[in-house]
Every structure is written in structure tokens, then in C-alpha cells.
1. Among the residues of the stretch 16-48, write down those that are charged (D, E, K, R) and either on the phi > 0 side of the Ramachandran plot or under 24 Å from the mean Cα position of the chain (by Cα) (or both).
2. Would you check if A103 is of a type in the set (A, V, I, L, M) and surrounded by 15 or more Cβ atoms within 10 Å (Cβ to Cβ)?
3. Mind telling me which of the residues S115, S93 ends up being farther than 30 Å from F47 by Cβ and surrounded by 14 or more Cβ atoms within 10 Å (Cβ to Cβ)?
4. Going through the stretch 58-98 one residue at a time, which ones are touching a residue at least 12 places away in the same chain (Cβ under 8 Å) and of a type outside the set (K, R)?
5. Show me the helices (runs of 4 or more DSSP H) entirely contained within the stretch 35-147 in which 1 or more residues are closer than 30 Å to E22 by Cβ.
6. Quick check on A78: is it at pLDDT 90 or above and within 27 Å of the chain's Cα centre (by Cα)?
7. Within the stretch 27-44, which residues are closer than 20 Å to I70 by Cα and acidic (D, E)?
8. For F43, which of the numbered conditions (1) in contact with a strand residue (DSSP E or B) (Cβ under 7 Å, 6 or more places away or on another chain); (2) aromatic (F, W, Y); (3) loosely packed, with under 14 Cβ neighbours inside 10 Å fails to hold?
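The values are calculated or read from the model by the stated rules, or taken from the named source; none is laboratory data. Computed from a predicted model, the values in this text were never measured in an experiment. Here Cβ is always computed from backbone atoms with ideal geometry, including for glycine, and neighbour counts include all displayed protein chains.
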Amino acid sequence: KFSYAPQLLLVDGGKGQLGVAEQVVRELGLENEIPVASLAKRFEEVFIPGSSKPVEVPRGSDALFMLQVIRDEAHRFANRFHRELRGKAMTTSSLDGINGLGAARAAKLIKALGSVTAVKNATLEDLALLTWLPEPVAIAVYQRFHS
């Protein structure tokens, strides 16, 4: 829900992406409330529903510049968001948060079994063979992946 309806839904792409956006807006019952247009990057063409040809927006015009800035800002925002997600994924592990399993012990466990996947697939008996791993921690590791 919007606190107020957008004045325009601008889609990055050509006629195909515009068609998908139109379908979504229609499925949401908003086709009479939110106009849709698309901006195709290669030739900076603007498409609107019901027209197979692009709208003529003069190159170098303020209108085209504004649409490009909106598109580029959306790209910048999305790229930063995904970079942050990847960064978090690189610094977290499925072993995080297991009681008694800190960073050093987790690294030793991964080294002993060969990979995080091997840790996930380990049986309780496999973990019990690691004499340096306390039994309560072995049970906690096993339960994390087998409950």
C-alpha cells in the first residue's frame, strides 16, 4: 500500500518489461490509478502502453535527463542493497549462534570435516569422534541441522 499513489511507474527496460509491469498493475487493480512507462537503455527509448513505437523524447532534453536520473538512482540503490546483502552473507555462517561454538571452534570443525556442508551432513557419531569437541556442543551442532 502507498501512503499516496505514485504519479508514474517507470520500468527499466523495453516493451517486454513494460508488458510485465502492465500485467502486474492490472492484477493489482491499479491500471486506472498508476500510469506505466518504460525506459529502454540502449537507445534511451520511452515506451508507453498501447503504442508499439517509442515516444519521441528529444535527446538532451530535460525530460529525458530526468528519466535517466531516476533510472540510474534506482540502479544505484538496488546495487548497494545487493552489495550489502552479499557482504552480510559473506560474514555469516550457518554455524553462527550455536551454543559453545565460537569462531575458532567453528573453523576447527570445518577444517576437520572438510566443509560446512560436511558439518551439516555429519551424524552425531561423526561429531562424537572429534575428541576436542565437547559433547553438548556436538549435540547442539547436530540439532541445528537435523531438527
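1. The initial filter retains those residues of the stretch 16-48 that are charged (D, E, K, R), namely 22, 26-27, 31, 33, 41-42, 44-45.
Matches in the stretch 16-48: E22, E27, K41, E44.
2. On the way: of a type in the set (A, V, I, L, M): yes; surrounded by 15 or more Cβ atoms within 10 Å (Cβ to Cβ): no.
So A103 does not fit the description; no.
3. Details: S115 fails: surrounded by 14 or more Cβ atoms within 10 Å (Cβ to Cβ).
Of the residues listed, the single one that is farther than 30 Å from F47 by Cβ and surrounded by 14 or more Cβ atoms within 10 Å (Cβ to Cβ) is S93.
4. Step one: of the stretch 58-98, the residues touching a residue at least 12 places away in the same chain (Cβ under 8 Å) are 59, 64, 67-68, 70-71, 74-75, 93-95, 98.
Those that are touching a residue at least 12 places away in the same chain (Cβ under 8 Å) and of a type outside the set (K, R): L64, L67, Q68, I70, A74, H75, S93, S94, L95, I98.
5. Values: elements: 62-91, 103-113, 116-121, 124-128, 135-146.
Of the helices (runs of 4 or more DSSP H) lying wholly inside the stretch 35-147, those with at least 1 residues that are closer than 30 Å to E22 by Cβ span 62-91.
6. Against the criterion (at pLDDT 90 or above and within 27 Å of the chain's Cα centre (by Cα)), A78 qualifies.
7. So the first thing to find is which residues in the stretch 27-44 are closer than 20 Å to I70 by Cα, and the list is 34-44.
Result: E44, single match.
8. (1)
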